[in-house]
1. Please tell me if residue 90 is more than 13 Å from residue 45 (Cβ to Cβ), open to solvent by less than 40 Å² (accessible area, probe 1.4 Å) and within 13 Å of the chain's Cα centre (by Cα).
2. I'm trying to understand the selection: among the residues of the range 64-99, which are under 17 Å from residue 39 (Cβ atoms), free of Cβ contacts under 8 Å to residues at least 40 places away in the same chain and in a helix (DSSP H, G or I)?
3. Answer yes or no: is there a residue in the range 32-44 that is open to solvent by less than 40 Å² (accessible area, probe 1.4 Å) and among the small types (Gly, Ala, Ser).
4. Quick one: in the range 50-63, of everything that is outside any helix (DSSP H, G or I) and of a type outside the set (Gly, Ala, Ser), which residue is most open to solvent (accessible area, probe 1.4 Å)?
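The values are calculated or read from the model by the stated rules, or taken from the named source; none is laboratory data. Note that the structure is predicted; figures quoted are calculated from it, not measured. FYI the Cβ positions are ideal-geometry reconstructions off the backbone, even for glycines, and counts take in every protein chain you see. Side chains are part of the model used for accessible areas, which takes the heavy atoms of the whole protein and leaves out ligands, DNA and RNA. Shrake-Rupley method; radii C 1.70, N 1.55, O 1.52, S 1.80 Å.
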Amino acid sequence: MDNAKPAMNAPSRLKELAATERPQERLQRLGAGALCDVELLAMLLRSGTRGHDVPTLAGALLREAGSLGALIGWKENDFRKLKGIGRVKALQLLTVMEVARRVLVQQNSTAPVFSGDRKWRRI
């Protein structure tokens, strides 16, 4: 299942969604794992702009990047090319992408562990 695509026949405007189907309410009720990529980005962006609600803006961001993972390589100016993403939102997104990058690096590195023979070893 492709998390980047909204459900078929889903309303394109946040106001048209039932209150229980909005990303924030779904997150609270079902947890982050239940949200699609667009909904997760919408939660990070927090608000849209005149004429483009936050799910629309999040969808445009994903379409432009090609995938959620591709956003890790984006720079501030890449984010700011999209209408509705200014300096502050771009910096917030850069921060989240840097956190994600560091988590990935830490997961792929080895951590020192104390072994029973009183020596440190790498696992």
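1. Values: more than 13 Å from residue 45 (Cβ to Cβ): no; open to solvent by less than 40 Å² (accessible area, probe 1.4 Å): yes; within 13 Å of the chain's Cα centre (by Cα): yes.
Answer is no for this residue.
2. 65, 69, 71
3. Applying the first criterion (open to solvent by less than 40 Å² (accessible area, probe 1.4 Å)) to the range 32-44 yields 35-39, 41-42.
Then drop every residue that is not among the small types (Gly, Ala, Ser), which leaves 42.
For the range 32-44, residues open to solvent by less than 40 Å² (accessible area, probe 1.4 Å) and among the small types (Gly, Ala, Ser): present.
4. Within the range 50-63, the subset outside any helix (DSSP H, G or I) is 50-53.
Now restrict to residues that are of a type outside the set (Gly, Ala, Ser): 50, 52-53.
Values: 50: 213, 52: 71, 53: 19 Å².
For the range 50-63, the residue satisfying everything is 50.
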